[in-house]
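Report on the following structure.
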């Protein structure tokens, strides 16, 4: 079973929900941190990493001895990653999307490919929780391939919890695609509501079942609840706006560990997710 | 012309609230919302839209079943797994817009129409012009849309002979963030004193260094953990990021948001209001903010 935790707006508590849910389940669960620009789940679960693998994407390498400067590679590249000058070909690896068009189109077979590292994935355990995270290398822009690679490690028969990045564009889509349930974490403020609306639209476009967690409940107004009711999206849990909870979070703690009643609340949340998910109540 | 980009790495630290407050203090500026994925600045600025444009962010392959002979070449060539068979079709969500299938289909059976991926706007606000956008749901090319809104902000600066662009940046360190900082005078990173806040500040700081953009740092909700706030200050100074101040937690940030106002308009003399003003003054005193950049 795959549960994606997403939000639209950043800083609403995706990681808090993902890590506490994983901790509360305790076993037969895998946390996959797909917020590869700023992965934070490890700060709360303190996993021990055993493996690290690079995520690579091919970039073109031009053989000057074969190149006739015909410009076909430059013409096929929609990303401006190749410029053919009168007697020189310049490539811009950071703009390359690794589509391979230049290599296929080159009539002289002058283009080969070499790997470029986009980032890496680390694998390990936090107690009985399997843990995976990706890191985008500073200065690289292609995060979706790292997210897609992490998703290939989802385990059958386990609860795979996916901590998604904020926003609603391609990296988020990569983190939600094919999920059995999307949990949208928001806060009861105008910014929280605005971005929740966008996230709900994205989830509906993808035709996935979803529910809402309101974090810092009580800090703003009731508009998020009114919206949820109108849209027919269930509010599955509320985490109150509370200085003690904020302090536990700030210090890298888990509320389900420090305030034991929350472990029960996260387990109740999970039961409801199972009922609403595309798999149904028999999911484990 | 000068441009300050407000960033954070971690989301939800207060970028947008701070941008709106700075707009109040600035005598003459253009606002630019570069968080095109989940734009919020308009909720505080209540822009009156003067111009609305489609954003055509790229092309998308579409297979014409009448011409397709099911040779399978497109599926073989597509590195994004966007093409499936029986019948051959393209999954728009997976299509990268590279056009390789379109160029190489032997039957010319693939169209490659431009697609509208969002909208962008030029608006008036109570503090000056604002350029903002809305990326379509589940769309790509947010980096290109960020570049576009910043370019339009530059045109307005030139037209109106104003001096400053205040850009509300996206969270993270990826494609839209990189698109939002090139050629800026400086970035101001809004951090928060939590383990996540410290981790994410480090990454966004490294990004600014990588692109050689001077970085300043301030801490929001500093009283949540004074020790960690002090540690952020030390780390900032060690890395040559100018530490420009800290803001105490203030419920008024939320109240202002609900009233569609900046924190300065609702609580200018509050501790948070005074702290924000001090940060603004420190930012504008930074040597990088004294350099005129070509438009």
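The values are calculated or read from the model by the stated rules, or taken from the named source; none is laboratory data. Model, not experiment: these values are computed from the prediction. Cβ sites come from the backbone with ideal geometry, for glycine too, and all protein chains shown count toward neighbours.
From the list B:205, B:169, B:245, exactly one residue is more than 14 Å from chain A (Cβ to nearest Cβ), modelled with pLDDT of 95 or more and either farther than 22 Å from residue A:8 by Cα or in contact with a strand residue (DSSP E or B) (Cβ under 6 Å, 6 or more places away or on another chain) (or both). Which is it? B:245 is the lone residue from the list that is more than 14 Å from chain A (Cβ to nearest Cβ), modelled with pLDDT of 95 or more and either farther than 22 Å from residue A:8 by Cα or in contact with a strand residue (DSSP E or B) (Cβ under 6 Å, 6 or more places away or on another chain) (or both). May I ask you to verify whether residue B:108 is outside any loop (DSSP other than H, G, I, E, B) and at positive phi? Answer is no for this residue.
For the range B:179-200, indicate whether the set of residues that are part of a loop (DSSP other than H, G, I, E, B), closer than 21 Å to residue B:43 by Cβ and facing chain A (nearest Cβ under 10 Å) is non-empty. Among the residues of the range B:179-200, at least one is part of a loop (DSSP other than H, G, I, E, B), closer than 21 Å to residue B:43 by Cβ and facing chain A (nearest Cβ under 10 Å), which makes the answer yes. When each of A:21, A:31, A:43 is tested for being crowded, with 16+ Cβ neighbours inside 10 Å, more than 30 Å from residue A:96 (Cβ to Cβ) and facing another protein chain (nearest Cβ under 9 Å), the lone residue that passes is A:43.
Here residue A:153 meets the list (1) out of contact with any helix residue (DSSP H, G or I) (no Cβ under 6 Å at 6 or more places or on another chain); (2) under 25 Å from residue A:44 (Cβ atoms); (3) not in a loop (DSSP other than H, G, I, E, B) almost entirely, failing just condition (3). Tell me, which residue of the range A:174-191 that is at the interface with chain B (Cβ under 10 Å from one of its Cβ atoms) and part of a loop (DSSP other than H, G, I, E, B) is nearest to residue A:146 (Cα to Cα)? Applying the filter and picking the extreme gives A:177. Of all the criteria given as (1) assigned to a helix (DSSP H, G or I); (2) in contact with a strand residue (DSSP E or B) (Cβ under 7 Å, 6 or more places away or on another chain); (3) buried (at least 16 other Cβ atoms within 10 Å of the Cβ), the one not satisfied by residue A:274 is (2).
Quick check, is residue B:181 more than 26 Å from residue B:96 (Cα to Cα), buried (at least 22 other Cβ atoms within 10 Å of the Cβ), touching a strand residue (DSSP E or B) at 6+ places or on another chain (Cβ under 8 Å) and touching a residue at least 24 places away in the same chain (Cβ under 8 Å)? No.
From A:165, A:171, which residue is crowded, with 24+ Cβ neighbours inside 10 Å, outside any helix (DSSP H, G or I) and facing chain B (nearest Cβ under 10 Å)?
Unique residue meeting the criteria: A:165.
Restricting to the range A:192-240, and then to whatever is in a loop (DSSP other than H, G, I, E, B) and more than 14 Å from every other protein chain (Cβ to nearest Cβ), can you tell me which residue is farthest from the chain's Cα centre (by Cα)? Step by step, filter the range A:192-240, then rank; the result is A:232. Of the residues screened, residue B:149 is not one that is in a strand (DSSP E or B) and more than 14 Å from chain A (Cβ to nearest Cβ). Take the conditions under 25 Å from residue B:194 (Cβ atoms), buried (at least 18 other Cβ atoms within 10 Å of the Cβ) and modelled with pLDDT under 95 and apply them to residue A:192. Does it pass? Criteria not met by residue A:192.
Residue B:235 meets all of the listed conditions (1) within 13 Å of another protein chain (Cβ to nearest Cβ); (2) out of contact with any helix residue (DSSP H, G or I) (no Cβ under 7 Å at 6 or more places or on another chain); (3) over 24 Å from residue B:26 (Cβ atoms) but one, namely (1).
Residues in the range B:209-223 that are more than 10 Å from every other protein chain (Cβ to nearest Cβ) and buried (at least 21 other Cβ atoms within 10 Å of the Cβ): B:215, B:216, B:217, B:218, B:219, B:220, B:222. If you take the residues of the range A:106-127 that are within 14 Å of chain B (Cβ to nearest Cβ), without any contact (Cβ under 8 Å) to a residue 60 or more places away in the chain and buried (at least 18 other Cβ atoms within 10 Å of the Cβ), which of them is nearest to residue A:26 (Cα to Cα)? Per the criteria, the residue is A:111.
One residue stands out among those in the range B:1-44 that are more than 24 Å from residue B:158 (Cα to Cα), assigned to a helix (DSSP H, G or I) and in contact with a helix residue (DSSP H, G or I) (Cβ under 7 Å, 6 or more places away or on another chain): the one that is farthest from the other protein chains (Cβ to nearest Cβ), which is B:18.
Screening the range A:247-260 for residues that are surrounded by 17 or more Cβ atoms within 10 Å (Cβ to Cβ) and without any contact (Cβ under 8 Å) to a residue 12 or more places away in the chain and picking the one that is farthest from the chain's Cα centre (by Cα) gives A:248. Note on the range B:82-106: among residues that are in contact with a helix residue (DSSP H, G or I) (Cβ under 9 Å, 6 or more places away or on another chain) and exposed (fewer than 13 other Cβ atoms within 10 Å of the Cβ), the one that is farthest from residue A:95 (Cα to Cα) is B:85. Restricted to the range A:68-90, and to residues that are touching a helix residue (DSSP H, G or I) at 6+ places or on another chain (Cβ under 9 Å) and more than 14 Å from every other protein chain (Cβ to nearest Cβ), which residue is surrounded by the most Cβ atoms within 10 Å (Cβ to Cβ)? Ranking the qualifying residues of the range A:68-90, first place goes to A:89.
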